[in-house]
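Undergrad: Before I ask anything, let me first share the structure, which is written out below as C-alpha cells.
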C-alpha cells in the first residue's frame, strides 16, 4: 500500500513541484494539498493520510498574533468558540493554556468547512452568548475563515467584555509590528488600546 501524503505550502509552484516529484515514486500517493493552516486543518479532518509534508512558515499557522492580542488586553481567562471539530479545539485549548491563558469554556461547533465563510456574524455572537462565563476576561472566536471580525463590537456590547476574532488579532498584530498604533473604529476594544511604549510590541 502506498504512503499517503498531504502537501502543505503557501507557494503554488512548490506544491506543484512536490506533487510532480513525489508522483514519480510508486510507493507514495499525494492525497491532497493545502495553501495555509486553515486549509490543512480542514483537509486533515476529512482526508486519511500517513504523513504531512509541511512548510512551518506557512500563513495562518501560528497563534502568535492571538497571544500578542491577549497579552495586550491582559487576558488570563477566556471563553472560546470555533467552527472546528473537537479535536482541533482540544489542540488550541492546550496551546493557549500552555501559554498561561485558562480556557474556561470552549465550544467546537463542527461546521462543514463549506459553511465557515458564509455563516453570518450574528451566528457567532449567539454562540458566545450561549457559552457565557461571568469570570471570563474575554470571548474568543477562533478561525480566520469565518465572518467573526464583524461580530466583535456586537459581542462586546452584549457580553460586557472584550471580544477577539482571529482575523482581528492578525490585523492588529501586523499593524503593531509595522509601528502603527492607530485606533480603528468598529474593530473592538483591542483597536482602542493606547499605544504601547516603544520596544514593547
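The values are calculated or read from the model by the stated rules, or taken from the named source; none is laboratory data. Everything numeric here is computed off the predicted structure, so don't read it as measured data. Every residue, glycine among them, receives a Cβ derived from its backbone with ideal geometry; neighbour counts consider all protein chains shown.
Undergrad: Give just the number: which of (1) surrounded by 16 or more Cβ atoms within 10 Å (Cβ to Cβ); (2) modelled with pLDDT under 85; (3) assigned to a helix (DSSP H, G or I) does residue 66 not satisfy?
TA: Of everything listed in (1) surrounded by 16 or more Cβ atoms within 10 Å (Cβ to Cβ); (2) modelled with pLDDT under 85; (3) assigned to a helix (DSSP H, G or I), residue 66 misses just condition (2).
Yes or no, residue by residue, for (1) within 30 Å of residue 175 (Cα to Cα); (2) outside the structural domain of residue 164 (by TED's automatic domain parsing); (3) in contact with a helix residue (DSSP H, G or I) (Cβ under 9 Å, 6 or more places away or on another chain):
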{"position": "34", "(1), (2), (3)": "yes, yes, yes"}
{"position": "47", "(1), (2), (3)": "no, yes, no"}
{"position": "68", "(1), (2), (3)": "yes, no, yes"}
{"position": "72", "(1), (2), (3)": "yes, no, yes"}
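Undergrad: Now, a different point. For a quick check of your reading: which helices (runs of 4 or more DSSP H) sit entirely within the stretch 84-172 and have at least 1 residues that are in the same structural domain as residue 46 (by TED's automatic domain parsing) and modelled with pLDDT of 90 or more? Break it down into steps so the answer makes sense when it comes.
TA: Numbers: elements: 86-98, 113-116, 121-129, 152-159.
Per the criteria, no element qualifies.
Undergrad: Name the residues in the stretch 111-148 that are under 21 Å from residue 37 (Cβ atoms) and surrounded by fewer than 23 Cβ atoms within 10 Å (Cβ to Cβ), would you?
TA: 111, 112, 113, 114, 115, 116, 117, 118, 119, 144, 145, 147
Undergrad: Taking the options 103, 79, name whichever one is in contact with a strand residue (DSSP E or B) (Cβ under 6 Å, 6 or more places away or on another chain) and either without any contact (Cβ under 8 Å) to a residue 60 or more places away in the chain or surrounded by fewer than 13 Cβ atoms within 10 Å (Cβ to Cβ) (or both).
TA: Being in contact with a strand residue (DSSP E or B) (Cβ under 6 Å, 6 or more places away or on another chain) and either without any contact (Cβ under 8 Å) to a residue 60 or more places away in the chain or surrounded by fewer than 13 Cβ atoms within 10 Å (Cβ to Cβ) (or both) holds for just one of 103, 79, which is 103.
Undergrad: A follow-up question, please. If you go through the stretch 158-174 one residue at a time, how many are in contact with a helix residue (DSSP H, G or I) (Cβ under 9 Å, 6 or more places away or on another chain) and surrounded by fewer than 23 Cβ atoms within 10 Å (Cβ to Cβ)? Spell out the reasoning first.
TA: Start the filter on the stretch 158-174 by keeping residues that are in contact with a helix residue (DSSP H, G or I) (Cβ under 9 Å, 6 or more places away or on another chain), which leaves 158-159, 161-174.
Within this subset, residues satisfying the condition of being surrounded by fewer than 23 Cβ atoms within 10 Å (Cβ to Cβ) are 158-159, 161, 167, 170-171, 173-174.
Residues meeting the conditions: 8.
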